[in-house]
Amino acid sequence: MNADQLRDALRAVREKLSSDHAVRLHRAISWLKCAENYSDDDDITLVALWIAFNACYGIEESQNDKREKGAIQSIFRKDQLT
């Protein structure tokens, strides 16, 4: 399947997916499309495919990931900068 076919398939099942899954799959498909568009450049193709793969890889966040994300976000809150 190419990126356009995958995008159509995602649209057909999007409402059955969590928003996190849908966003990650959308990103992966976008990077796959980039790889297809630059298929004549092996370096760009490799990087785009690697990013597409990683967009799909870690869909479920563990509790540790959520705590770490919250800690990082708290560092950058506007009220913390004053």
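Brief remarks follow.
- Extreme residue, modelled with the lowest pLDDT, among residues of the range 34-58 that are surrounded by 14 or more Cβ atoms within 10 Å (Cβ to Cβ) and closer than 16 Å to D20 by Cα: C56
- Only one entry of A28, A71 meets the criterion of being open to solvent by less than 80 Å² (accessible area, probe 1.4 Å) and modelled with pLDDT of 90 or more, and that entry is A28.
- Close pairs (7 angstrom Cβ cut-off, 6 or more residues apart or separate chains): closer than 22 Å to L49 by Cα and among the hydrophobic types (A, V, I, L, M, F, W, C) in the range 5-27, open to solvent by 60 Å² or more (accessible area, probe 1.4 Å) and assigned to a helix (DSSP H, G or I) anywhere: L10/H26; A22/R14
The values are calculated or read from the model by the stated rules, or taken from the named source; none is laboratory data. These figures come from a predicted structure and were not determined experimentally. A quick note on method: Cβ atoms are made from the backbone with ideal geometry, for glycine too, and the neighbour counts reach across all protein chains shown. Heavy atoms of the whole protein, side chains included, go into the accessibility calculation; ligands, DNA and RNA do not. Shrake-Rupley method; radii C 1.70, N 1.55, O 1.52, S 1.80 Å.
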